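The block underneath contains the structure these notes are about, expressed in structure tokens.
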Amino acid sequence: MPLAPQAVSSVSSKRRAPGPSGYLFLSLSKLQTQPLEFLANYWREYGDLVRMPILPGMTIYLATHPDHMEHALATCSERYEKPGFFLKPMGQVQGQGLFSSEGAFWRQQRRLIQPAFQQKQLVKLHGIMWRCVDSLLQEWARKPASEVIDIAAEMTRLTLKVVSLTLFSVDVNGESNRFRSALEILVDQVFQRLTNPLMPPLWVPTQNNRQFRRAKQTVDEIVLEVIRERRQHPIEETDLLSMLLASRDEDTGEGMSDQQLLHEIITLINAGHETTATSLAWTWYLLGTHPEIMAQMQAEVEMVLQGSTPTFENLPKLKYTRRVFDESLRLCPPGMGLAPRAALEDDELDGYHIAKGSILNFAFYYTLRHPEFWDNPEQFDPDRFLSEKVKNRHKYAYMPWGAGPHVCIGKNFAIMETLMILSAIVQRFEVSLVPRQTVEVDPRFTLRPKYGVKVTLREKF
């Protein structure tokens, strides 16, 4: 995708970045329904930093160069924070969870939660995760060989089971339809609020707002019931909730309240199943359209696992499988970008003036296709992630897990889960795409396959 020439860095600090004239609030419907195409047009026309005035007093910058992300997320991160227009709708779902908080409170919560995702804890969670995956394999083995399944929906079902059992040792599949439907309503309406600042506040009794409040009540009731039951009746099972209940602030010695546990668990459920399921769905699609890569991954799995289960120790040996997943995340990321940041003071970025209060929208969907950093960016090529190539690439050119202090806390959990799922399935089944199906992006919040990904399975033994 060709880019406009970059600005000269020696320009005056008051120079405005290029962009469309006039306010764009009348174009918000396009941003909601066609965000990939809408923003790509600006990227092509104006370059890596695009000034987008939305309303008087509200200017958003489309930032797509790795230097922009390094500046705002690492080098000068103290000059930026998540803006209110982002935190408020996210907080309506997740409260003051890690993803929807800032400042000292965020740092305190990060310290409390971080130990639950250390390697020694992941070792304990591996067995729970494997039982979920093995259960799915057994279920698939009972299906007729010719039966068509939507592997995107299956990955969503599996990852919700994984996250619920590893989080609080309860399989929400009994509640899954009600729970998952409520989550989808919440996520969809958050996306609408993020892309349409003119939506009525939640207290206005519109049909959408009533639906949102019912969905929020459903999710909260299910999670709070688990938390309160665990406080009254502790169990020996080592899950994430047990670790969070035992966690204490190093300065005050205080633990988390039920309400704060609720916020963090909803955050982890939302991040821990939707994005992982979406990433896996696109990985199966890409493997299905590139049989030579599928064959190479299958060969590695057979060589490394030797017919055994994917243990915690041998998962890191699946280096090609990891490269397949990394490349899938590049070509089909589960989201368009990182959480936006608001400038806390006047700043300069790429030679352009960034006024206090301006919003940086890090659209890494385009960074991951930037021809300055990726040859043939639309090609699926796992060998982009060979160590020598990674070493020579801008470290902020690939950051689906975020960067800086806010890097995804569950990164290692998600990698363990995806490598286990991919290797276990290709070890036991031949997965074939159903031909001539329509596969396209549903551009709401996560970039899910709109109509799913239909496949057939053939058991190998």
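Dipole of the chain, Cα-centred, from +1 at each Lys and Arg C-beta and -1 at each Asp and Glu C-beta, to the nearest 20 debye?
It works out to roughly 580 debye.
In straight Cα distance, which lysines are under 28 Å from LYS124, not counting same-chain residues fewer than 8 positions off?
Straight-line reach from LYS124, under 28 Å: LYS161, LYS317, LYS319, LYS411.
For the residue pair ARG213 and ALA299, what label-to-label distance in nm results when each label sits 7 Å from Cα along the Cα-to-beta-carbon direction?
Spacing of the two 7 Å Cα→Cβ label points: 6.1 nm.
What order do you get for 372-380, 213-221, 277-285 when each peptide is scored by the mean count of other beta carbon atoms within 10 Å, highest first?
277-285, 213-221, 372-380
Skipping prolines and chain starts, which residues have an amide H placed within reach, meaning under 5 Å, of the one on TYR80, given they are 5 or more residues away or on another chain?
The answer is LEU344.
Pick out, from ILE293, MET303, LEU338, the residue whose Cα sits farthest towards the positive end of the charge dipole of the stretch 280-350, with +1 on the Cβ of Lys and Arg and -1 on the Cβ of Asp and Glu.
So the residue furthest toward the plus end is MET303.
List the pair-distance distribution P(r) of the chain, using every Cα-Cα distance, as the percent of pairs falling in each 10 Å bin from 0 up to the bin containing the longest distance, rounded to whole percents.
4, 19, 30, 27, 16, 4, 0
Mind ordering 344-356, 408-420 by average Cβ neighbours within 10 Å, highest first?
408-420, 344-356
Among the lysines, which fall within straight-line cross-link reach of LYS14, defined as a Cα-Cα distance under 18 Å, with same-chain neighbours fewer than 8 residues apart omitted?
Correct list for LYS14: LYS356.
Taking square-rooted eigenvalues a ≥ b ≥ c of the alpha carbon gyration tensor, is the stretch 186-340 rounded, prolate or oblate, where a/c under 1.5 means rounded and, failing that, a/b exceeding b/c means prolate? It would help to have the intermediate numbers written out before the result.
Values: a/c = 2.66, a/b = 1.36, b/c = 1.96.
In terms of gyration-tensor shape, oblate.
How much length is gained on full extension from THR252 to SER77, taking 0.36 nm per residue of separation minus their Cα-Cα distance?
Gain in length upon complete extension: 60.3 nm.
Which whole-Hz couplings ³J(HN,Hα) result when phi for each residue of the stretch 66-75 is put into the Karplus expression 6.51 cos²θ - 1.76 cosθ + 1.60, θ = phi - 60°, listed in order with x for Gly and Pro?
x, 4, 5, 6, 4, 4, 7, 9, 10, 4
If you take the charge dipole of the chain about its Cα centre, with +1 on Lys and Arg Cβ and -1 on Asp and Glu Cβ, which of VAL426, ILE409, GLN96 is farthest toward its positive end?
GLN96
Is the C-alpha gyration tensor of the stretch 83-193 telling us rounded, prolate or oblate? Criteria: a/c under 1.5 is rounded; beyond that, a/b larger than b/c is prolate, otherwise oblate.
Because a/c hits 1.5 or more and a/b fails to exceed b/c, the stretch 83-193 counts as oblate.
Please sort 114-121, 154-161 by packing, taking for each peptide the average over its residues of neighbouring beta carbons within 10 angstrom, highest first.
Packing proxy ranking, top to bottom: 154-161, 114-121.
Please list the non-local residues whose amide H lies under 5 Å from the amide H of ARG448, H modeled 1.01 Å from N, same-chain partners needing a gap of 5 or more.
Answer set, sorted by chain and number: ASP442.
Read-outs: derived from the displayed coordinates by stated rules, not from any lab. Note that this is a predicted model, so its numbers are computed, not measured. All Cβ positions, glycine included, derive from the backbone under ideal geometry; neighbour counts span all protein chains shown.
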